[in-house]
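Below is one structure, written out as structure tokens; the observations come after it.
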Amino acid sequence: MSSSVEPNSSGCCGSCANYLTSAKFLMYLGHSLSTWGDRMWHFAVSLFLVELYGNSLLLTAVYGLVVAGSVLLLGAIIGDWVDKNPRLRVAQTSLIVQNVSVIICGIILMVVFLYKNELLSMYQGWLLTLCYILVITIANIANLASTAMGITIQRDWIVVVAGEDRSKLADMNATVRRIDQLTNILAPMAVGQIMTFGSAVMGCGFIAGWNLMSMCVEYLLLWKVYQKTPALAIKAGKKADDQELKQLNIKVIDANSNNNEKPTEHICLVTEKAIVTAEIPKEPSCSDRIREPFLTFKNGWIAYYNQSVFWAGMGLAFLYMTVLGFDCITTGYAYTQGLSGFVLSLLMGASAISGIMGTVAFTWLRKKCGLVRTGLISGIAQLSSLVLCVVSVFMPGSPLDLSISPFEDIGTRFLEGESLPTVSPGGVSHDYFTTAMPNLLISSNSTTIGPEENPIPLVSVILLFAGVIAARVGLWSFDLTVTQLLQENVIESERGVINGVQNSMNYLLDLLHFIMVILGPNPEAFGLLVLISVSFVAMGHMMYFRFAYKNLGRWLLSCSNTEPKIDSGEQQRDTSVV
């Protein structure tokens, strides 16, 4: 009896040990550490900037615009850099630059918090202004390095680790997204507690120390994953070089076999020609070096447009043009409607659970219906849930009143010295806006809610958040669908640049949605923003429907014909997307 139990127990322990040391688990662990640090930093840096500048949103607005503009302009260039360099070097460089930048920012912020008055008195305050510029610049560098790291790990390494197993790739994508959901809620809560019961200086020191520790551990984990996955050492460029060498060897063998009289002479001629061609690269001129980033930017967008999954990527980008999420805009609106911070925290937790359910639904639907159909079902589910948001606009308690001019309200607030809403970098929700957004959103015609006044009916806001939370299931399932479509259908040599352009598109539509809020900042216009947001989400899913219709139709045609006339490249894309 005992001898039969021991092998089972050892086998269970052995399989558990194998999983804990596998490349897949090590990637999860490294991504958890990286995401936790990112979420803490993105949450805290804006809080620091608000507190440093006298509770003004000016520095936060500048930081958000610099971050968004940098990714818009440099997304394709960052992706091209990821494509052209070895995987391990790209990952290690991005990791070091990102964490060192955050550490430097943390140290500068600690110095500014401790010696702000002294710095303000030096050189008529210019030294303090220089510190602000340094913090924003270095934080922007950290965000660009984080973008490169995300493209490298989530769009390239994860595909190589999964290999040819698409089910494994889908499971890994879903697990990574669950990690994102959990850390997006827990990390800001953790650093917020430290800053609440400690101080801003303690918060800076904790984040700097965390990034130092995390950088060392992540560096080791990257090296372990690289060792356990030999395929990561081979990139598309190297494969092309190997193919050219093979063709050269074939030519040498043919020359040897077809010319028996002077085989050595033919071999020397062929090899000498190849060596001469390889040893004389064209030296780029100064003008070529100046034009190279612009050409990379242009070629990246052209390559993105020519992808078979272009419409699917555009559909995902259009989903960023919305106020129907738990960001500063929706949180501020909820405060004007009488919801407390405690209730909002519960709603954010429900939103995270809904997002995790979306990742579970994605894996199940992909197995049952296929990848492309999963996107269609997810889109229908999201749009069906957003119907509740549309209905909420016309229900009791909705402050919709289009007779109030938003432009007149903007002018009034500028004259009164109030700040406009700022751009949240990367779409990350920041609770620090909850104190400023209600003042911004309440117009002169809005009534202030007090204990002795009649409360605003909650029917409208309840329907609004019910629709937003329910839509997260379809949203995250659709996001994972497009992510895997990009992973499977973009060739290896273009993964970086294509995903860099995709990030740029996401940031562009995210910026447009903040501009939309600036044009209509009062709560009376929020209902109109909801309708516009649902329209953009619908347009995004219509773009995906065009992609799905084209690919599913091509797949049906290939099934009906015994010998479909499709080239190898298109056939490979069609089988992967279906």
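The values are calculated or read from the model by the stated rules, or taken from the named source; none is laboratory data. Keep in mind that this is a model prediction, so the values were computed, not measured. Accessible surface areas use protein heavy atoms only, side chains included; no ligands, DNA or RNA. Shrake-Rupley method; radii C 1.70, N 1.55, O 1.52, S 1.80 Å.
Under the classification rounded if a/c is under 1.5, otherwise prolate if a/b is larger than b/c and oblate if not, where does segment 312-353 fall, given a ≥ b ≥ c as square roots of the Cα gyration tensor eigenvalues? It comes out oblate by the Cα gyration axes. For segment 27-176, the carbon plus sulfur part of the accessible surface works out to 66%, probe radius 1.4 Å.
Tell me, in nm to one decimal, what length is gained between Ser121 and Ala190 on full extension, where the rule is 0.36 nm per residue of separation less the Cα-Cα distance? Full-extension gain reported as 21.4 nm.
Relative to the globular-protein estimate of 2.2 N^0.38 Å, the Cα radius of gyration of segment 112-227 stands at 1.45. If I model segment 42-100 as equal point scatterers sitting on the Cα atoms and use the Debye formula, what is log10 I(q)/I(0) at q = 0.13, 0.16 Å⁻¹? One equal scatterer on each Cα of segment 42-100 leads to -0.50, -0.68. Debye-formula intensities of segment 456-526, expressed as log10 I(q)/I(0) at q = 0.12, 0.16 Å⁻¹, are -0.56, -0.83 (one equal scatterer per alpha-carbon, no solvent).
The spacing between segment 474-488 and segment 67-90, judged by their C-alpha centroids, is 21 Å.
Oblate is the label for segment 125-185. Its Cα gyration tensor axes, ordered a ≥ b ≥ c, give a/c of at least 1.5 and b/c at or above a/b. Need one number: the % of Cα-Cα pairs in segment 338-379 sitting beyond the 11 Å mark. Counting every Cα pair in segment 338-379, those more than 11 Å apart make up 67 percent.
Multiplying each eigenvalue of the alpha-carbon gyration tensor of segment 156-206 by 5 and taking the square root yields semi-axes of 37, 11, 4 Å, largest first, rounded to whole angstroms. Stokes-Einstein diffusion for segment 44-155, with the hydrodynamic radius set to the Kirkwood value over Cα pairs and evaluated at 10 °C in a medium of 1.306 mPa s, equals 105 µm²/s.
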